[in-house]
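Asker: Below you will find the structure I want to go over with you.
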Amino acid sequence: MGLLDKLFGKTHEEETKMTKLNIGIILGSTRQGRVSPQVGEWVKGIADKRGDANYEIVDIADFNLPFLGTTDGTEPGIAKWNEKLASLDGFVFVVQEYNHSITGALKNALDFAREAWNDKAAGIVSYGSTGGARAAEHLRGILGELKVADVRTHPTLSLFTDFENGSDFKPAELHLTNVNAMLDEVVTWSGALKTIR
């Protein structure tokens, strides 16, 4: 640590980390036996090699959110969820398709915040029998209402070709290009939108 760092209390590395955008990789499922943590870690592994932002996994299961409208809203997980979202500049949603849409848990988590979503960017990585494309399309409509700009590039993962036995994630190499292109867009848009918040 140099003299200036000692005086001001921050290393160059800490300063750089603070000036980078913070992007949350949101796991959209809470069910037992889910595979979203595998997909999320894969996305984070690709993202961390880029060095262009601070990436972190944000698991909605960790916040123990009640169903919206069933409580008085004082559960500590609700405030922590909003604080976490407020600390992020952009998002990557890991989305699985259930009955042609997103999970109830993800919809509930989306509804438990408002301003914390506004004027930020998001990418979507989806999976399912048709690559989760229908869930992603539903999510895009919700994000529009929350003033989240979703990016165009959308990696889609097939339960038939990217998962062994439907549970062990083994993505095809071709997805790497799409994930990086999606992250390029998320970082660019997140930086641009930060200027208006």
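Asker: Could you sort 97, 173 by their accessible area in this structure, using a 1.4 Å probe and putting the largest first?
Answerer: These residues rank, largest area first, as 173, 97.
Asker: Using a Gaussian network model on the chain with a 10 Å cutoff between Cα atoms, which of 131, 24, 73 fluctuates the most?
Answerer: Greatest mean-square fluctuation among the candidates belongs to 73.
Asker: Here's something else I'd like to know. Considering only protein heavy atoms, what is the solvent-accessible area of residue 175 at a probe of 1.4 Å, reported in Å² to the nearest 10?
Answerer: Only protein atoms counted, so the area is about 10 Å².
Asker: Compute the separation of the alpha-carbon centres of segment 117-142 and segment 52-68 and state it in Å as a whole number.
Answerer: Comparing the Cα centres of segment 117-142 and segment 52-68, I get a distance of 16 Å.
Asker: Another question, then. So what is the accessible area of the chain per residue, in Å², with the probe set to 1.4 Å?
Answerer: Values: 10090 Å² over 197 residues.
For the chain, the per-residue accessible area is 51 Å².
Asker: Whose amide H sits under 5 Å from the amide H of residue 157, counting only residues 5 or more places off or on another chain, with H placed in the peptide plane?
Answerer: So residue 157 has HN proximity to 126, 127, 128.
Asker: Keeping every protein chain in place, order 25, 196 by accessible area at 1.4 Å, biggest value first, i.e. largest first.
Answerer: From most exposed to least exposed: 196, 25.
Asker: If you work out Rg and Dmax of the Cα atoms in Å from the coordinates, which of (i) 16.0, 47; (ii) 19.1, 67; (iii) 17.4, 60 do you get?
Answerer: Working out Rg and Dmax of the Cα atoms in Å from the coordinates points to (iii).
Asker: Let me ask something additional. Counting only protein heavy atoms and using a 1.4 Å probe, what share of the accessible area of the chain belongs to carbon plus sulfur, as a whole percent?
Answerer: Summing carbon and sulfur atoms, their accessible area is 54 percent of the total for the chain.
Asker: Round to a whole angstrom and tell me the spacing of the C-alpha centers of segment 176-197 and segment 86-101.
Answerer: Measuring centre to centre over Cα atoms gives 15 Å.
Asker: Would you mind calculating the gained length between residue 86 and residue 41 on full extension (0.36 nm times residue separation, minus the Cα-Cα distance), in nm to one decimal?
Answerer: Gain on extension, residue 86 to residue 41, equals 14.0 nm.
The values are calculated or read from the model by the stated rules, or taken from the named source; none is laboratory data. Note that the structure is predicted; figures quoted are calculated from it, not measured. Please note that ligands, DNA and RNA were not included when accessible areas were found on the heavy atoms of the full protein model with its side chains. Shrake-Rupley method; radii C 1.70, N 1.55, O 1.52, S 1.80 Å.
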